[in-house]
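Below is one structure, written out as structure tokens, with a few remarks after it.
The values are calculated or read from the model by the stated rules, or taken from the named source; none is laboratory data. Worth saying up front: this structure is predicted, and the values here are computed from it rather than measured. FYI the Cβ positions are ideal-geometry reconstructions off the backbone, even for glycines, and counts take in every protein chain you see. Heavy atoms of the whole protein, side chains included, go into the accessibility calculation; ligands, DNA and RNA do not. Shrake-Rupley method; radii C 1.70, N 1.55, O 1.52, S 1.80 Å.
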Amino acid sequence: MTTRNKKRTGVPSCCAQALPDELMTEVFLRLPIKSILRFRAVCRSWAAVLSSEEFCGLHMAKVEAVSAPPKLFFTSPTAGFDATSLYLGSSSSPDDGLLFTLKDVRGDFVDMTPAPCRGLTLLYDAVAPAYYVFNAATRAVIRLPPYQDVNFATAGLGFDAQTKEYKVVRLFIGDCLDKQHIKCEIYTLGEHGYKAKDHACGKGHSRIML
Amino acid sequence: MAAPESGDGNNGAARMVTLISSDNTRFEVEAAAASLSQTLQLTILDGGGGGGDGIPLPNVDSATLSKVLEYCIKHAPAAANGGAPNATAVDRAELERFDNEFVNIDQSVLYSLIMAAHNLEIEGLQSLVAKKVADMIKGKSPMEIRRTLGFPDPTPEEQAEMNAHMLEYGWAYE
């Protein structure tokens, strides 16, 4: 670029310039995730639009409307067995699909929810033990806060369309004083800890479908 | 039949309407093609645009309007078929080929085209140009986008934010 226009708005020498916000959103909606992530660094107003709940929802709907071939997540211990790599693949060469690597997680003790819930997937590391939630599109991973470790626990991930919150629901069997009583805890993504839900579910159920 | 009289007595042939660009050029086009525009469709349903009247389009110049109409004429038969569920693969491939070639044009023309598509509410055309613009910018770095848009150079603080973002999302920059 030899000439540089110092004004923020000016003659439309480029089509991306001076387009009304509404049309800019139409363009953004047709960008791949990788470009959207990168363009969040362009300026603060782009960051605000491209990170907004509304935009992300529209973009997700757009991507889902285009029927992409199904892909598989798979985990693999790294060479030193001290970390686990997560891949998203339909290709034969797994290195193409590397999403991220979790340190201190042993790949052979990792479990995942069978299908993503509105873009997010719950991952369970039985050794730590710890839960992780990741977004395969943005490759963002968070480790959930620690919780009381018990035998016979199961967890699922759900999305509350009303509050627009993702929730991890854990079901487990209570302590000895509380024999066979199924307990339920809910962790809302973005909050600090689990909340106990009493009487949220009946006795005798050990699986939860979300 | 409750079809409105077009006023030109031309009932046997396809109904024609006249559109007038901002620089006063008159374009005569089949009503079915012009009706791809949601905005024009209402006027046309009301019987407007026929005879000597013409529909003035003060926001669209003749170069852009002729391009817009080229798109509408090509897409009108498929649109009349309700999105062309019966279209053959050959028809669809031909439309796709046309679309690809249609947007292979100068950036300033693309800009006028998407603005016109937006004003005239021609959804297919707006979507086609938006996709083209997205394809043109998707590979650019944040810095290249800033320069293209004529933004001032980032302040040290903004530069630090940009660098931090690049570190965090390195894979998106590959």
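Among residues that are part of a strand (DSSP E or B) and open to solvent by 50 Å² or more (accessible area, probe 1.4 Å), A:THR84 is not included.
Residues checked against (1) closer than 22 Å to A:SER35 by Cβ; (2) at the interface with chain A (Cβ under 8 Å from one of its Cβ atoms); (3) within 14 Å of the chain's Cα centre (by Cα):
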{"site": "B:ASP106", "(1), (2), (3)": "no, no, no"}
{"site": "B:ASN119", "(1), (2), (3)": "no, no, yes"}
{"site": "B:SER127", "(1), (2), (3)": "yes, yes, yes"}
{"site": "B:ALA130", "(1), (2), (3)": "yes, yes, yes"}
{"site": "B:LYS138", "(1), (2), (3)": "yes, yes, no"}
{"site": "B:ARG146", "(1), (2), (3)": "yes, yes, no"}
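Being in contact (Cβ under 8 Å) with a residue 40 or more places away in the chain, under 28 Å from A:TYR124 (Cβ atoms) and open to solvent by 50 Å² or more (accessible area, probe 1.4 Å) is true of A:GLU53. Right, B:MET166: among the hydrophobic types (A, V, I, L, M, F, W, C), over 30 Å from A:PHE100 (Cβ atoms) and within 11 Å of chain A (Cβ to nearest Cβ) or not? In short, no. Comparison of B:GLN126, B:GLN159 shows that the only residue that is in contact with a His (Cβ under 7 Å, 6 or more places away or on another chain) and either crowded, with 20+ Cβ neighbours inside 10 Å or more than 23 Å from B:SER22 (Cα to Cα) (or both) is B:GLN126. Taking every residue in the range A:20-35 that is free of Cβ contacts under 8 Å to residues at least 40 places away in the same chain and surrounded by fewer than 17 Cβ atoms within 10 Å (Cβ to Cβ) and pairing it with any residue that is part of a loop (DSSP other than H, G, I, E, B) and not β-branched (Val, Ile, Thr), at least 6 positions away or on another chain, the pairs with Cβ-Cβ distances below 7 Å are A:PRO32/B:LYS138. Selection within the range B:21-43: residues that are part of a helix (DSSP H, G or I) and touching a strand residue (DSSP E or B) at 6+ places or on another chain (Cβ under 6 Å). The member of this set that is farthest from B:ALA80 (Cα to Cα) is B:THR43.
Total residues in the range A:124-172 satisfying the condition of being open to solvent by 50 Å² or more (accessible area, probe 1.4 Å) and touching a Lys or Arg at 6+ places or on another chain (Cβ under 8 Å): the figure is 2. Within the set A:ALA79, A:ALA48, A:ALA61, A:ALA65, the sole residue that is open to solvent by 50 Å² or more (accessible area, probe 1.4 Å), farther than 30 Å from B:PHE151 by Cα and at pLDDT 85 or above turns out to be A:ALA61.
What's the number of the only condition in (1) within 14 Å of another protein chain (Cβ to nearest Cβ); (2) touching a residue at least 24 places away in the same chain (Cβ under 8 Å) that B:PRO56 fails to meet? Result: B:PRO56 passes all but (1). Scanning the range B:44-64 for residues being in a helix (DSSP H, G or I) and more than 16 Å from B:LEU128 (Cα to Cα) gives a total of 4. Counting only residues that are of a type in the set (A, V, I, L, M), under 26 Å from B:GLN107 (Cβ atoms) and open to solvent by 40 Å² or more (accessible area, probe 1.4 Å), the range B:37-72 holds 1 of them.
When B:ALA87, B:ALA93 are checked against the criterion of being loosely packed, with under 15 Cβ neighbours inside 10 Å and either farther than 18 Å from A:PRO20 by Cβ or at pLDDT 90 or above (or both), a single residue qualifies: B:ALA93. Yes or no: the range B:77-97 includes at least one residue that is without any contact (Cβ under 8 Å) to a residue 60 or more places away in the chain and under 17 Å from B:SER21 (Cβ atoms). No: zero hits.
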